[in-house]
Amino acid sequence: MRSVVHQIVITSDPDISYFLRVDWSGDLGAGFTVVLTNGCAAWIGEVSEEEVTKSANDSGISREKYVEELHQALIRDKMEKGPGEKSKYSFQLSPDQLTFQKMSDNVLVNLGFVELQPVPDALELNQEMISQSLKHNSDLKATNSQLLEENCKLQHEHSQILKELTIHVENKKVLEKQTYSRFVRILNDKKSKIRELQEAVHALQQTSDQPKAKLRRQRDLSVDDNSSSMDASHFQDPTILITGRNLECHGIPVDQSFSSSEAIPQPEPQS
């Protein structure tokens with residue numbers, strides 16, 4: 001059996017403090033009992049499971065949703081509502097009935113009601129409710145003390161974590177600086193090695209190019225000499241030796257009385 005006591009405001013009598021106790025087992029859908037007191041008088045009432053189902057059907061919503069609304073109106077709303085915060089649930093009290101309502105879109109909707117019966121010995125019931133409230137208050141204090149201890153522990157752990165985090169951040173910065181310095185040194189060494197290799201490659205290229213250039217010059221000179229020789233032989237006029245035999249071979253008659261050694265008479269100049 002679970003039980004909760006909290007203060008409520010009766011809309012028709014807001015100047016008087018009322019205290020409502022709700023007792024239930026499992027969930028409110030299985031039925032619950034209420035006790036209402038203002039310190040002078042007390043009333044008690046009970047809602048059965050069938051009445052919960054009938055009220056859900058009358059409201060036009062599912063039973064699960066209706067039970068959730070009941071739980072919110074009778075229990076959770078008073079526990080979750082902050083100081084000065086206006087509740088959307090309200091209560092109306094008549095001589096024999098307590099009605100609980102909900103404000104939805106500026107429209108007041110009845111969630112249900114419970115028939116009340118006056119308690120003959122209100123003093124004893126008030127004492128019981130006071131004792132229950134004190135016990136609940138002690139339980140809340142114990143829970144609050146436990147939560148405070150856990151909060152202090154968490155704050156201490158949080159402080160330690162912040163200190164460790166600060167140390168890690170500093171170590172990270174130092175490590176980054178060292179790593180960067182080492183990287184720059186290695187990079188400079190690599191650049192120096194690359195320059196040395198480039199210079200060596202350049203020297204080897206020059207050394208290997210010298211014999212090739214010399215051979216190329218020699219080849220060019222040889223080609224030029226050959227070209228000059230061919231040009232000279234090309235432009236020389238061929239010498240043709242003409243003899244009588246050659247003329248006879250070509251069908252030209254030759255006077256044999258002349259010899260090749262005799263001079264050809266020149267014509268005398270005319271006077």
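Nothing in this text is a laboratory measurement; each read-out follows from the coordinates by a stated rule. This is a predicted model, so every value here is computed, not measured. Methodologically, a virtual Cβ is constructed for each residue, glycine included, from the backbone with ideal geometry; neighbour enumeration extends over all protein chains shown.
Would it be correct to say that S133 is under 30 Å from N38 (Cα atoms) and either among the hydroxyl-bearing types (S, T, Y) or assigned to a helix (DSSP H, G or I) (or both)? The answer is yes for S133. Only one of the numbered conditions (1) out of contact with any helix residue (DSSP H, G or I) (no Cβ under 9 Å at 6 or more places or on another chain); (2) over 21 Å from P14 (Cβ atoms); (3) surrounded by 11 or more Cβ atoms within 10 Å (Cβ to Cβ) is not met by E164, and that is (3). Being assigned to a helix (DSSP H, G or I) and either in contact with an Asp or Glu (Cβ under 8 Å, 6 or more places away or on another chain) or within 18 Å of V4 (Cβ to Cβ) (or both) holds for only one residue in S159, S145, S181, S138, and it is S138. Among residues of the range 136-164 that are under 30 Å from V22 (Cβ atoms), none has a Cβ under 8 angstrom from a residue that is of a type in the set (F, W, Y) at a sequence gap of 6+ or on a separate chain.
For the range 1-110, the strands (runs of 3 or more DSSP E) that sit wholly inside it and include 2 or more residues that are acidic (D, E) and either surrounded by fewer than 18 Cβ atoms within 10 Å (Cβ to Cβ) or touching a Gly at 6+ places or on another chain (Cβ under 7 Å) (or both) are 13-24. Looking only at residues in the range 5-40 that are free of Cβ contacts under 8 Å to residues at least 40 places away in the same chain and of a type in the set (A, V, I, L, M, F, W, C), the one that is farthest from Q72 (Cα to Cα) is I16.
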